[in-house]
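See structure below.
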Amino acid sequence: MRDLWYKISKPGLVLFLAGTALLYLSLPDTIISFKPPKSFEDVMATGGSAGDHVQGQVPFLLDSFAVEQTWTENRSNNSVTPKKNSRYYFVLPADDGYLGVSVGSSSSSEAKKLADQTYGYLSGGAMPSATLVIDGRISQMEDDLASMFRRELKNTYGLSSQEISDMGPLMMIEPRAFTTIRVFCGAGAILFLTGIFLLTRYWREMNRYIN
């Protein structure tokens, strides 16, 4: 075991592990980013599945069913920063069911306006004019959000537990910074391959030296 450790290039190992970590975090979304995107009109008409790429202007939104709050705790003086609403979760009609839509705080104003205008339109008003553009993916909801989503579908939209169950796994449209993710994926690939190269070269040199 000790001889094996001597044969491993330490810089190569660091680069290999760093590249592996970056690829693990960025490769799935990079693959999604290259898929032909669905428009929100497509999703509303036919639904969506986990791993779909969704891009475009959101034409309608319904109620917000959850808000994510963030704050910072300083244990040295037991202080806590005021809570901030960092993310909002809305309901989107899709096919015969509903999807969740995740919206960051920077876009929350337009999202709320779009939801209000949607209900105005459903009551006979004008088409919504608020502009909310999202480039993202569809993924399965986390358990805590799924629980709140089910409660919203029951209490606000009158769906039964069986009707919600018939929708299958609950899905969320999540905005993603695909350009940045591709950069991280490329960097991860470079680090990974460089690490492999250094590990292989050092291994061969040490074997020649030992033998």
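Laboratory data are not the source of any read-out in this text; all were calculated from the coordinates shown. Being a predicted model, the structure only gives us computed values, none of them experimental. Note that each Cβ is placed from the backbone with ideal geometry, even for glycine, and that neighbours are counted across all protein chains shown.
See the values below:
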| quantity | calculated |
| --- | --- |
| Overall form of segment 113-205 per C-alpha gyration tensor (a/c, 1.5; a/b vs b/c) | oblate |
| Simple Cβ-charge dipole of the chain, Lys/Arg +1 and Asp/Glu -1, about Cα centre, in debye nearest 20 | 1280 debye |
| Highest-fluctuation residue, 93, 36, 11 considered, GNM on the chain with Cα pairs under 10 Å | 11 |
| Listed values (i) 23.6, 85; (ii) 19.3, 59; (iii) 16.0, 47, entry calculated as Rg and Dmax of the Cα atoms in Å | (i) |
| Prolate/oblate/rounded label for segment 109-152 (Cα gyration tensor, a/c 1.5) | oblate |
| Proportion of all alpha-carbon pairs of segment 6-45 beyond 12 Å (%) | 71 percent |
